[in-house]
Amino acid sequence: MTPDFAELTYPTGTARPDGPLAWAGYDAARAAAQDRTGESESVICGTATIAGRPAVLISFEFRYLGGSLGERTGDRLEAAYTAAREQRLPLVSLIATGGSRMQEGMRALRQLQRVAAQSAMNRAAGLPQIAVLRDPTTGGGWATLGAGADVVLALPGAQVGFAGSRVRPPDADPTAYTAEGQYAAGAVDAVVEPEQLPTRLGHWLRLLTTPATGAPEPPRALGDPAPPTTGWDTVGRARSPQRPHAQAYLGAYFDSREPISGDRCGGRDDGMLCGFGLRDGRAIAYAAQTGTPTRPAGYRTAARLIRLADRLSVPVLTLIDTPGAANDAAAERAGAGAAIADVFAAVAAARVPVTSLVIGEGGSGGALALAAPANTWATPDSYFSVIAPEAAAAILKRPREDVPDLAGELRLRPQDLVELGVVRGVVAH
């Protein structure tokens, strides 16, 4: 316990001998666990200050019956979620559990429904939830408190997975059940070294609880400030490897930031950078394409980011830079159309202000999905087009030498986009 931690009070009741199943030896096991740990249950809950930021804290004690969840655990977890709502505080869970408590049978397993209901109420109240996955995080604790959190951090090497080590298929790949494996699969936002955890948690708490007000101002242009002459010149500048890309824009725009990663469906796309950043001390969420064809996992991650920001009243900045959505067979099998539709829906439904800036290529619907309908801007070295000039030539059965002329006919230059009413303006250098 730290000096700034205040444990909650929990409901008490009369426990039946050896629990609801009359499991022989259960009372003795609990007594031994209490002697070993000094705790009377597998979780300790209270209010705390983390790097100067207040929160409700749930901490699992794995040495108490493997951090398992029983009915009294459920009582404590419900008290923690309730306290977070009553005090309008974020909830942080430090998880280390092997799952539900067998000695209480289905009465223990039903606590997962109880946790899910409490988590849903906190989401509806606009309160953030952060999970820290310790070793191990398996079973129902992973499938509710862990994977159900808004932001999921993990300690290096932690065992993470729905199946514990003793019940997996004998030929299962062990790397799939690690923090690093879950990060690669899009289920964890970041793997954090233990010594960095307090600072990173404090930073996250600030990002999720201090939203900026109003629409974010678009970043200033970082590349060539001269307006392009022809459409084909515009395309060449947007495709130049020397042009500033998303990392440069995000670095110049934010004072600090934290990433979210993964679509929670088994995928990550390094070509879509999503997260929250501080600008002038207030939080803005961002989703930024990096100039590559965006994959379905990237779109799903962006949709997750936009919906989370909307729920927490954090405005959103999107940076558009893609030749188009990935259109290979793997992307189609991964649900490219549905993933793009999900981003369109998230932007359309957002109640918070969304600002968009085209910083490079704006290729077709794969780029438009991230664009704010009434608040999109462009840099001088960018273009936005219904389709790339080369693809237009192929569809229209025109020779390759017509591609430069087609670029002009598509009216894709920044100044053309302003005249057409597609973007609000061209940002200054």
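The values are calculated or read from the model by the stated rules, or taken from the named source; none is laboratory data. Note that this is a predicted model, so its numbers are computed, not measured. Cβ placement follows ideal geometry from the backbone for every residue including glycine, while neighbour counts extend to all protein chains displayed.
Give me the strands (runs of 3 or more DSSP E) completely within the stretch 90-201, filtered to those with at least 2 residues that are of a type outside the set (A, V, I, L, M), ordered by residue number. Can you show your working first?
Details: elements: 91-97, 129-138, 151-154.
Strands (runs of 3 or more DSSP E) meeting the threshold: 91-97, 129-138.
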(message) Being crowded, with 19+ Cβ neighbours inside 10 Å, modelled with pLDDT of 95 or more and either more than 22 Å from Gly275 (Cα to Cα) or in contact with a Pro (Cβ under 9 Å, 6 or more places away or on another chain) (or both) is the requirement here; does Ala131 meet it?
(response) no
(request) Given the conditions (1) surrounded by fewer than 17 Cβ atoms within 10 Å (Cβ to Cβ); (2) in a loop (DSSP other than H, G, I, E, B), report the number of the one that Ala252 does not fulfil. (result) (2)
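Here is a yes/no grid of residues against (1) crowded, with 23+ Cβ neighbours inside 10 Å; (2) farther than 21 Å from His429 by Cα; (3) of a type outside the set (Val, Ile, Thr):
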| residue | (1), (2), (3) |
| --- | --- |
| Ile320 | yes, no, no |
| Asp328 | no, yes, yes |
| Glu332 | no, yes, yes |
| Gly337 | no, yes, yes |
| Val354 | yes, yes, no |
| Ala393 | no, yes, yes |
| Val403 | no, yes, no |
| Leu406 | no, yes, yes |
(request) For the stretch 20-64, name all the residues that are closer than 23 Å to Thr138 by Cα, part of a helix (DSSP H, G or I) and in contact with a Pro (Cβ under 9 Å, 6 or more places away or on another chain). (result) Tyr26
(request) Give just the number: which of (1) among the polar types (S, T, N, Q); (2) surrounded by 17 or more Cβ atoms within 10 Å (Cβ to Cβ); (3) within 25 Å of Gly324 (Cα to Cα) does Gln159 not satisfy? (result) (3)
(message) Could you check the stretch 81-97 and list, in sequence order, the residues that are touching a strand residue (DSSP E or B) at 6+ places or on another chain (Cβ under 7 Å), closer than 20 Å to Thr12 by Cα and surrounded by fewer than 24 Cβ atoms within 10 Å (Cβ to Cβ)?
(response) Ala83
(message) I'd like to verify a number: residues in the stretch 222-253 that are over 15 Å from Ala388 (Cβ atoms) and of a type in the set (Lys, Arg), how many?
(response) 1
